[in-house]
Structures are given as C-alpha cells and as structure tokens.
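Here's the structure we're looking at; comments come further down.
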Amino acid sequence: MSYKINLIKSKKPKPRKKVSRIAIKFSGIVSLIILIVMFLMAHLILQQTRENKIKEMEIRAQFFARDAREAMLPRPDLFQLFFSVQEMAREEAILYAMVLDKEGKIIAHAVKEKIGEKENSTIGQKALHAQKSMVQVLKQGKELFYDVSIPIIVGGKERVGTARIGFSQASINQALTEMRKRIISITVLVLAGSIIITTLAVTLMVRPVNQLAHAAREVGRGNLNQKLTIKSKDEFGELAGIFNEMINGLKEKDLIRDTFGKYVTTQVAEAILDGKLKLGGERLVATVLMADIRDFTRMAEMYPPEEVVDFLNRYFTKMVDIVLKYEGTLD
C-alpha cells in the first residue's frame, strides 16, 4: 500500500499597509503652520472685536448725548433727562449713565442718590474738560472699566454739560468668549481636515518612493528581476526610468561576467567590465607554468581508478590553490 502526502502551503498574511512617515511629518508641519496662522488670525479678530465693542459703546454714548442735549433746551428738563438716563442704564452691558452740567454737578443719574453731587474723580475731571468725545480706562482690582464721555454743545459753541456712560471689561469678554468658541471650532475642523487631506495626498505622492525602496532592497539581496512601472512624467517617473536602466546594466554585467568566467579568471573578467583591460589584449610580462605528471599513463594502467582519481584530486587541490593565490589563469 502506498501513501501520497500532499503538502499544502500556508498563505502568508498580507503585510498591513503602514502610514507613510513622510506623510506624518508633512501633516505635522502643515498643522503647525495652520495653528500659527489661526493664532494670528484669532488675535487680530479678537482685537478687532474689542475695538468694535468700544466703538459701539461710543455710538451709544453719542445717541445718549443727543437725547440729553434735546432735554436741556431751552432749559434743562430734569424729568426727561432722568428718563433718558434710566433708558440708557437698562441697556445691555451698561454699568452707569449720567449727565453733568458745565460745572461738573450731576443733574441726572441712574442712581437717584447721586443726583446733585459734584463729580470730583480724576476721570470725571478729565471728561469735564475734554473738548471732544473721550474713552478712559479705569482699573478697579483686577477688572477694567471703560468710561465714555461726550461733551454736550449747543449752537456749535456753548458747552452746557457732559454725558457719560460706563461699561466693564466683562461685557467685552462676553462678546470675545463667543468669538473664541467659534475660532476654536473652526480651527479644530480645519486641522482635522488638513491632517486627513495632507496624509492621503502625501501617501499617494510617496507611493513610488516605497516601490523604489522595495525594489532596491530586493536588488541588495541579489534579486535583479525588478522593474518599476511608474508612468508619471514627474521626477518619480524619471527616477524609475533611471532605476530600470541601472537594473538592465547590472544584468548585462552579470551575463558578461558569467560568460568570461568560463574562460578567464574572475579578476580578468572584472577588469574587462570595468574598462581596465582592452578586448584587443595587452602586452604583459607573465609566467606560464606547464605541468605534467610523469608516467601518468603507466600509473593509470597499474592502479585502480579510485586511487587514480584520489591522486588527481590531491594534486589539483595543491596546484589550483597556488595558481589562484597568485591570480593565475587555469587552462
């Protein structure tokens, strides 16, 4: 009974495709550039938002001063001034609103107890003597406060009073907080998109490099049956063409080396391939050794074939080693 054993070759698992390290580095560089650009843009946007918020308060103060001027002609209407102050104080982010006469006495204020008081603070005195609208910054503790003052002028010349409103940095920060959230959200989306797109794009771009690296690795192992099929017309395609030409040159050299090796030594074949030896020959001083075994015919007849072969093997081992040691050629 005979048995037949079939050997089944196990399939090797396909190697997982690795993400290109170049793509990771390039994505990191692009992400860093985007972060820097977004940081600068965010700084400019937040700065512009802060300035716009202050300008918005100045515009509110202008309207407030206009209402106060109308209430002071032909003589101050305290009820209308009080109503204008209360309306302004109820607006978002406004901490206080007041109207002062030309002497600096408060004639209308959101807090009734302050009406009739003299404004002697440094900010108040600066606002009283300012000839045009002015924004002053006051720091109380860790928080900043802004005071906007508008001179009330009638007839284009006579100053009859000053309108002032105040607001804190907190109101500006509230607007900036919303803006920051939007900028952070946009930055995260842009970063995620740029990383994905950059990684995919660079991975596709460096695919020919991976093919070239694999082919070069195989050539280093002695496998010259490699050919790149990169058909792009860019630098990668040019590099693939040069690589294929190199492989063909190596194959031709191997063929010539093998062919010459049948007739000359390896050193002579290498010299011919390297162009150090002309195919037409060169004149050299050389030694020719012609060796013969005396009475070999009679010896071959007398001794058994096994002994003759053993003798020849020992003889050629000695002779060939010496000839090759001095780069000789065997004929």
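Here, each number is a calculation from the coordinates, and none is a lab measurement. Computed from a prediction, not measured in an experiment: that's the story for all the values here.
Quick notes
- Cα gyration tensor category, rounded, prolate or oblate, for region 74-142 with a/c compared to 1.5: oblate
- Centroid-to-centroid separation of region 56-128 and region 164-211 [C-alpha atoms, Å]: 44
- 3J(HN,Hα) from dihedral phi, region 308-315, Karplus parametrisation 6.51/-1.76/1.60, rounded to Hz, x for glycine, proline: 5, 5, 5, 5, 5, 5, 5, 5
- Amide H within-cut-off set for residue 134, under 5 Å, with H built and near neighbours excluded: 149
- Across 132/157; 142/181; 227/251, pairs whose alpha-carbon gap is larger than 22 Å: 142/181
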